[in-house]
1. Can you pull out the residues in segment 78-114 that are in a strand (DSSP E or B) and either within 16 Å of the ligand (Cβ to nearest atom) or out of contact with any helix residue (DSSP H, G or I) (no Cβ under 9 Å at 6 or more places or on another chain) (or both)?
2. If we scan segment 31-38, do we find a residue that is part of a helix (DSSP H, G or I) and under 30 Å from residue 12 (Cβ atoms)?
3. Looking at (1) within 16 Å of the ligand (Cβ to nearest atom); (2) exposed (fewer than 11 other Cβ atoms within 10 Å of the Cβ); (3) assigned to a helix (DSSP H, G or I), which one does residue 75 not meet, given that it meets all the others?
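Coordinate-derived values only; no laboratory data. Here the structure is a predicted model, which means the values were calculated and not measured. Counting neighbours? That spans all protein chains shown, and the Cβs are built from the backbone with ideal geometry, glycine included.
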Ligand SMILES: [Zn+2]
């Protein structure tokens, strides 16, 4: 049985992070719609069918590209959420601002008056009030 499955799966893509995300997304939609009494079954089923298609697909290169795209998008979202969390945590002690040259986020202590800030990435010096 196990050998048969292994032979069936040979050359097929299988599961990756995007696959897990699709399954979890489908479960969340099912849960939310069952709580609210709405009908999200079509969306939920579409996600599962999409994942089944990816799982059984033999075009490994294309599926892998999809996963890479998903990972880069989710990394960007994670980075933004992390910055938001830090801003909330430091709201009383620090001020965040963007470097005018490279748009890197800089953090300076509050209540120090006018200070010179050197961006660690592009070395641009900014004078700002904190
Ligand atoms: Zn900079």
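1. Initial filter on segment 78-114 (in a strand (DSSP E or B)): 94-98, 105-109, 114.
Across segment 78-114, the qualifying residues are 95, 96, 97, 98, 105, 106, 107, 108, 109, 114.
2. Of segment 31-38, the ones part of a helix (DSSP H, G or I) are 31-36.
Checking which are under 30 Å from residue 12 (Cβ atoms) leaves us with 31.
Scanning segment 31-38 turns up at least one residue that is part of a helix (DSSP H, G or I) and under 30 Å from residue 12 (Cβ atoms).
3. For residue 75, the exception is condition (1).
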